[in-house]
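Structure first, then comments.
The values are calculated or read from the model by the stated rules, or taken from the named source; none is laboratory data. Nothing here was measured: the structure is a model prediction, and the numbers come from that model. Cβ: placed from backbone, ideal geometry, glycine included. Neighbour counts: every protein chain shown.
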Amino acid sequence: MTPRPQRNLSKSNAQFQRALKRLPLGVSSTFRYWGEDRTIYVARGKGGRTWDIDDNCYVDYRLGYGPAILGYADDRVDAAARKGMDVGGVFALSTERELIVADRIAKMVPAAELVRFSNSGTEAVMAALRLARAHTGRESYLLVEGGYHGLFDAAMWQADVEGWQEGGNTDPEVVPYGKGIPPTVRSLVHLTPMNDAQRLEDMFRRHGNDLAAMLIEPIQGNCCSIMANAEYVHLARELCTRYGVMLIIDEVKSGFRVGKGGIQGILGVTPDITTFAKAVANGYPIAIVAGREDVMRSFRYGGASHGGTYTAHSVSLAAADECLRILDETPALETLADYGERLKSGISSILNARGIVHSFSGHPSMFGLFFAPEPPDNYRAWKTSDYSFYDRMAHYLHDLGIICEPDSREPWFMCEAHGTDPTCLADTLRAVETAVDLTL
Ligand code: PMP
């Protein structure tokens, strides 16, 4: 019998009790609350590892939900960011570096003909949707089930798969994520399941002439890294063109991670608008709305509003300049994808040795682990599957020094530093082996 691992969390637990008095749930984002005696507070991160305030060290596969593409506290990016501080921060005026970074983006992602900066993924997608509406003069939009596009009202709708009878003719109801989302927004939202060509065609036949945009994460970074197949994305492109709908590819998680040109480069599809965030600046807050020239020119006086006090902040921009340079000019992305492959294959060996059926979804740089022979190809399939093994295993992994999201929908993210650290892989696989044995 493998003994249950012990982890000293006394300082984190005490911090949690103090924090509860000032911060709702003791945290600054609801997803950081992991339970009364399991919510950890971080002291620092370096490379692919994080230390909590009790000095527990973790190999970190959350990486802040993806941004730390090179690893935490990367010396190269941090040195650039410090130089960005010398520039002075924000001026409500433009600086020369905006164009330098925009040129880098356009070189790496051909669909990014014109570029605007935002501060977060939420802001970028919000601006992209507004741009699509301004450009088309239409209001409603189509989301793909299982997608996540940020915390603004228009994006916070999902398919109520739990309350839905599978196999019938009806689709799941469209419901808001939580309270506080006005039901009036509902009339503008349509939802369709990923990788279901017939339903997509039906949707466009019925609503195509009213849609301003279709938003899609072709690799669903918030749903087990479920992948759109290439035919589905090309069909979406074709239908959007036929009905005059803006295809928005949300690459907030996949951009500058799964490849220099993002998931759109891998699938060979050209969106009208793309959004990026996370990996752009190795964790410094910056996001991007980019797209086709004639569409992007709708950002103008009398057109779609876009701006914000902190957009193109000199620190984030300097960090983005250096991070994108590294991603473009060095083999960092290959290093981390190769590490992801080796990690997947190590996990597979452990599971195969125990006869545990499993599969991986997504890309080696952001993969989902799934306890079924095939990964799900849409949210309905994920939701109605058994993910309890993963949920239990994730808790043991935390105790054993691995940070992964307790919710199996969040992928495991790789960074360059995982690949260059001589012991990350062995430390991880040792912990996975123990966690699997404890879960069985
Ligand atoms: N789009 C996608 C695909 C995301 O994964 C996220 C964040 N997880 C967002 C948008 C929102 O980004 P942010 O948290 O930076 O607002």
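General observations
- From the list Arg32, Arg44, the one residue that fits, being away from the ligand (no atom under 16 Å from the Cβ) and basic (Lys, Arg), is Arg44.
- For the range 161-176, a tally of residues being exposed (fewer than 15 other Cβ atoms within 10 Å of the Cβ) and under 17 Å from Tyr141 (Cα atoms) returns 1.
- Of residues in the range 354-384 being closer than 13 Å to Lys344 by Cα and polar (S, T, N, Q), the one farthest from the chain's Cα centre (by Cα): Ser359
- Considered as a group, the residues in the range 315-358 that are β-branched (Val, Ile, Thr) and surrounded by fewer than 17 Cβ atoms within 10 Å (Cβ to Cβ) include one that is farthest from Asp103 (Cα to Cα), and that residue is Ile356.
- Phe276 passes every criterion in (1) aromatic (Phe, Trp, Tyr); (2) buried (at least 24 other Cβ atoms within 10 Å of the Cβ); (3) free of Cβ contacts under 8 Å to residues at least 12 places away in the same chain apart from (3).
- Meets criteria (within 16 Å of the ligand (Cβ to nearest atom), at pLDDT 95 or above and touching a strand residue (DSSP E or B) at 6+ places or on another chain (Cβ under 8 Å)) for Gly66: yes
Conditions (1) in contact with a strand residue (DSSP E or B) (Cβ under 7 Å, 6 or more places away or on another chain); (2) of a type in the set (A, V, I, L, M, F, W, C), marked per residue:
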residue: Glu96; (1), (2): no, no
residue: Val109; (1), (2): yes, yes
residue: Ala112; (1), (2): yes, yes
residue: Leu143; (1), (2): yes, yes
residue: Asp160; (1), (2): yes, no
residue: Glu166; (1), (2): no, no
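- Pick from the range 23-48, criterion β-branched (Val, Ile, Thr) and out of contact with any His (no Cβ under 9 Å at 6 or more places or on another chain), ranking: surrounded by the most Cβ atoms within 10 Å (Cβ to Cβ): Thr39
- Boolean, Arg18 is free of Cβ contacts under 8 Å to residues at least 24 places away in the same chain and either among the polar types (S, T, N, Q) or outside any loop (DSSP other than H, G, I, E, B) (or both): yes
- Across the range 284-293, the qualifying residues are those that are away from the ligand (no atom under 11 Å from the Cβ) and part of a loop (DSSP other than H, G, I, E, B), and the one among them that is surrounded by the most Cβ atoms within 10 Å (Cβ to Cβ) is Tyr284.
Here is a yes/no grid of residues against (1) in the same structural domain as Pro218 (by TED's automatic domain parsing); (2) surrounded by fewer than 22 Cβ atoms within 10 Å (Cβ to Cβ); (3) modelled with pLDDT of 95 or more:
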| position | (1), (2), (3) |
| --- | --- |
| Gly362 | no, no, yes |
| Ser365 | no, no, yes |
| Asp377 | no, yes, no |
| Thr384 | no, yes, no |
| Arg392 | no, yes, no |
| Thr423 | no, yes, yes |
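- Pairs where the first residue, in the range 231-251, is assigned by TED's automatic domain parsing to the domain that holds His135 and closer than 18 Å to His149 by Cα and the second is of a type in the set (Phe, Trp, Tyr) and within 16 Å of the ligand (Cβ to nearest atom), C-beta under 6 Å, 6+ apart: Glu251/Phe276
- Count of residues meeting criterion [out of contact with any Gly (no Cβ under 9 Å at 6 or more places or on another chain) and exposed (fewer than 13 other Cβ atoms within 10 Å of the Cβ)] in the range 3-22: 7
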